[in-house]
Amino acid sequence: MFLLPLYLIYVNIGQVIGITLYGSYLGLIITYLTFALPFAVWMLAGFFSSIPRDIEQAALVDGASHWGALFRVVLPVARPGIVAVSVFAFMTAWGEVLFASVLTTTSTRTLGIGLQEYATQSNTDWNQLMAASVVVSVPVVIGFLALQRYLVRGLTAGSVK
């Protein structure tokens, strides 16, 4: 439902204003932000509302500014939630193929579109496809292993009040 209007908007912006969004990484980034940002804001709003205001007020009483309380107290407490939402937004964009197949060109295609090229109408090169799939999944696995403790804490933090 969103693909055709978005494609037309990108093409018209390119023709009228001169900013190339179709076939560019900027257009793909804007598209992914459009779909990931509402989810991230909704999840983080719930997570930040579960953080007690007393923590911020205690930092203000101890002499921290509002920005200092935010960066030194509130954000470290909210780190598990921020990491969990970031991982989910990244995974959504990493595995998305539909918008990338229409809004990119051969010079700006994503890894998911590149994997599709191993399968043609008459033949599928399974060996190379599976090897490329493993290589494509390595950054995701490394990122998940590095952020696993934050992810588990972020998922369970809002479950009990």
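Bear in mind that the values in this text are calculations on the coordinates, not laboratory data. None of these values were measured; they are calculated from a predicted model. FYI the Cβ positions are ideal-geometry reconstructions off the backbone, even for glycines, and counts take in every protein chain you see.
Summary table
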| read-out | value |
| --- | --- |
| Filtered residues of region 79-91 (kept if of a type in the set (G, A, S) and crowded, with 19+ Cβ neighbours inside 10 Å) | G81, A84 |
| Among the residues listed as I142, I113, I82, the single one being of a type outside the set (S, T, Y) and in contact (Cβ under 8 Å) with a residue 40 or more places away in the chain | I82 |
| Residue among E117, E96 that is farther than 22 Å from L6 by Cα and charged (D, E, K, R) | E117 |
| Some residue of region 124-137 being among the hydroxyl-bearing types (S, T, Y), touching a strand residue (DSSP E or B) at 6+ places or on another chain (Cβ under 7 Å) and on the phi < 0 side of the Ramachandran plot | no |
| Qualifying residues in region 48-85 (those that are β-branched (V, I, T) and assigned to a helix (DSSP H, G or I)) - the one nearest to R149 (Cα to Cα) | V83 |
| Residue list for region 110-146, filter: part of a loop (DSSP other than H, G, I, E, B) and under 26 Å from T31 (Cβ atoms) | T110, E117, Y118 |
| Region 10-25: number of residues that are exposed (fewer than 14 other Cβ atoms within 10 Å of the Cβ), in a helix (DSSP H, G or I) and not hydroxyl-bearing (S, T, Y) | 3 |
| Residue within region 92-108 that is without any contact (Cβ under 8 Å) to a residue 24 or more places away in the chain, surrounded by 16 or more Cβ atoms within 10 Å (Cβ to Cβ) and over 20 Å from G143 (Cβ atoms) present | no |
| Qualifying residue in region 34-49 (condition: of a type in the set (A, V, I, L, M, F, W, C), closer than 30 Å to V135 by Cα, free of Cβ contacts under 8 Å to residues at least 40 places away in the same chain and surrounded by 14 or more Cβ atoms within 10 Å (Cβ to Cβ)) | no |
